[in-house]
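Asker: Got a structure here, written out as structure tokens. Questions coming.
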Amino acid sequence: MLKEGEKVIYSELMSAFLKIYGGLAKGIRIFQAPGRINLIGEHIDYNGGHVLPAALDMRTIVVARPNGTRTINMAATSLPDRISAGIGRLDDYRSLAWGNYQCGVAYMLSLQGYPLVGCDLLYHSEMPFGAGLSSSASIEVATAICLAALGGMEKPNMEEIAVLCQKAENQYVGVSCGIMDQFIAAVGKKDHAIFLNCDTLEYQYVPLKLGDYTIVITNTNKMHKHTESKYEERRRECVEALAVINQNGGTYQYLCDISLPELESYEGYFQNKTLIRRVRHCVTEENRTLLSLQALKNGDLTAFGALLKEANISIRDDYEATGRELDTVFDIASGIDGVLGSRMTGGGFGGCNISLVRKDKVEQFKSIIKNEYTKQIGYEPSFYESTAGQGASEIL
Ligand code: GLA
């Protein structure tokens, strides 16, 4: 059942679609995939660890209609760009500034044997772009389920969809992201987080029962972009660190397979001491994620909040993936009454912080962060409150 407000959004989007592409409303279908926050388990998806993300109720919506040709046409509500991609030449659109993610997904689907049909698509994003809430993964996954459905695959395997979308981002767009964002966008469940083993892709749903507390997302409004950020550098450092350990007697597949005492026994082999801190983050973060699962299952929000704080300190000091803006939000948030925990979320180097705030203190929290942050950084942050949303689905 659609709520009143949602009906309005969809009918406006249909009108916008018909204005661009003409024709009749008959045959139009609407799909969505959500953005995400990661509660804990940061920068360890590509190190074989566990992560605990939740889908947001902010989404990418795709309005779609088959057009009887062999061309996929794309437009967006917030951009002037219009893209036309030939289904027979999907490898040719890697350098598009907008549309490359979608073409990459179409390309990976076709390589995997999904039948594709020509269609007209209109994209609408409900989330800020470049805020570290995985708007890109939501575009990819929404595109994937939309193209799959129009081509006749009405119920695709969502785990396969996630993997194909990650492949599109890694091999087509050229960003070496892990699997977390695409996976949660594909399988997310309302009011739940998922506990995902990023090696085996086994996962379980974890009810997000926060009682008197809620998660407030603070956007530093410092844009983050993986291609320009130090994300790729961190990935290389992890590969290098694993190589040092394995060249000196280790037989580990991933950094997250190592224990802290084991790491200590290898420290002498590292010439580049920075790498030890990178590994220490991965090893301790994996442990914090396992403990967080227990804390959430036990309803122990105080313990969970303490783990969030520790995780922020680790990614700030050992992994160095925060920056002045995120550190400022963390410092202010940590001193506010009614906050059980706070940390950066996502890739970092800008983007968003999540804080576990008592519901009756949310307005006070926002006002303190806004004033202090603006004073120290020079521009305002933004805030979002989102319940855990649904994974990718067809809406209409
Ligand atoms: C980005 C990547 C994810 C993950 C996070 C950090 O969001 O896309 O795969 O590595 O950063 O946890």
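Asker: Need one word for the range 87-181: rounded, prolate or oblate. Basis is the Cα gyration tensor (sqrt eigenvalues a ≥ b ≥ c); a/c below 1.5 gives rounded, then a/b vs b/c decides.
Answerer: Verdict is rounded for the range 87-181.
Asker: With every protein chain kept in place and ligands, DNA and RNA left out, what is the accessible area per residue of the chain? Probe 1.4 Å, answer in Å².
Answerer: 41 Å²
Asker: Still on this structure: So for the range 213-385, Kirkwood radius off the Cα pairs, Stokes-Einstein at 10 °C and 1.306 mPa s: how many µm² s⁻¹?
Answerer: So the translational diffusion coefficient is about 93 µm²/s.
Asker: Rounded to whole Å and sorted largest first, list the principal axis extents of the Cα atoms in the chain.
Answerer: 65, 52, 40
Asker: Now for a different question. Find the centroid of the Cα atoms in the range 72-90 and in the range 1-34, then give the distance between the two in whole Å.
Answerer: If we compute the Cα centre of each part, the gap is 18 Å.
Asker: Separate question: Between residue 8 and residue 81, what is the label-point separation in nm under the 7 Å Cα-to-beta-carbon projection?
Answerer: It is 3.0 nm.
Asker: If packing is taken as the average count of other Cβ atoms within 10 Å, what order do 19-26, 193-200 fall into, highest mean first?
Answerer: Going from most to least packed, we get 193-200, 19-26.
Asker: Would you mind checking the pairs 189/209; 222/370; 3/361; 3/370; 190/222; 7/155 and listing those with alpha carbons more than 21 angstrom apart?
Answerer: Pairs exceeding the cut-off: 3/361; 3/370; 190/222; 7/155.
Asker: Describe numerically, in nm with one decimal, the distance between label points set 7 Å from Cα along Cα→Cβ at residue 251 and at residue 202.
Answerer: 2.2 nm
Asker: Using R₀ = 35 Å, calculate the FRET efficiency as 1/(1 + (r/R₀)^6) where r is the Cβ-Cβ separation of residue 277 and residue 387; round to 0.05.
Answerer: Using R0 = 35 Å, I get an efficiency of 0.45.
The values are calculated or read from the model by the stated rules, or taken from the named source; none is laboratory data. Predicted model only: the values in this text are computed from it and were never measured. Every residue, glycine among them, receives a Cβ derived from its backbone with ideal geometry; neighbour counts consider all protein chains shown. Areas reflect the complete protein model, heavy atoms only, side chains present, ligands, DNA and RNA absent. Shrake-Rupley method; radii C 1.70, N 1.55, O 1.52, S 1.80 Å.
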